[in-house]
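**Student:** Here it is, the structure, as structure tokens.
The values are calculated or read from the model by the stated rules, or taken from the named source; none is laboratory data. Just so it is clear, the structure is predicted and the values come from calculations on it, not from any experiment. Virtual Cβ from ideal backbone geometry, glycine too; neighbours counted across all protein chains shown. Just so you know, the surface numbers come from the protein's heavy atoms only, side chains and all, with ligands and any DNA or RNA stripped out. Shrake-Rupley method; radii C 1.70, N 1.55, O 1.52, S 1.80 Å.
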Amino acid sequence: MKFAIFGNPSSEKTCGHEQQLFSLLRSLGDAIAVESRYLEFLTGTMGLEIPYDSLITDDDFQADAVISIGGDGTFLRTATRVGNKAIPMVGINTGRLGFLADLPI
């Protein structure tokens, strides 16, 4: 399975489990594509070592599923990037309210 992962690259408030999520996906043999700005945030600002296979730099990407990590704004921005690709999305809420994100942390 190939996952496309998007997140909020401007907030240092994270769920604290990003490293575990990426490592779990890698251990299951899944391919991981990460939005380039979010990867830079995770590796540069947060200092995490993130396993990934490819970068997402525009809206021309393919995946079997999309994971959005952040608040409702991040979920909406991710949905805009996914567009009409008919890719299932799940949101992991690291924001305050999380009306749209499916999984609270």
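**Student:** For Gly73, work out the one condition from (1) at pLDDT 90 or above; (2) in a helix (DSSP H, G or I) it doesn't fulfil.
**Tutor:** Answer for Gly73: the failing condition is (1).
**Student:** Here is a follow-up. In this structure, does Ile5 turn out to be of a type outside the set (Gly, Ala, Ser), open to solvent by less than 20 Å² (accessible area, probe 1.4 Å), within 14 Å of Arg81 (Cα to Cα) and part of a strand (DSSP E or B)?
**Tutor:** Considered against the rule, which asks whether it is of a type outside the set (Gly, Ala, Ser), open to solvent by less than 20 Å² (accessible area, probe 1.4 Å), within 14 Å of Arg81 (Cα to Cα) and part of a strand (DSSP E or B), Ile5 comes out as yes.
**Student:** Still on this structure, please answer the following. Looking at segment 76-92 only, could you name the residues that are open to solvent by 20 Å² or more (accessible area, probe 1.4 Å), touching a residue at least 12 places away in the same chain (Cβ under 8 Å) and part of a helix (DSSP H, G or I)?
**Tutor:** Those that are open to solvent by 20 Å² or more (accessible area, probe 1.4 Å), touching a residue at least 12 places away in the same chain (Cβ under 8 Å) and part of a helix (DSSP H, G or I): Leu76, Arg77, Arg81.
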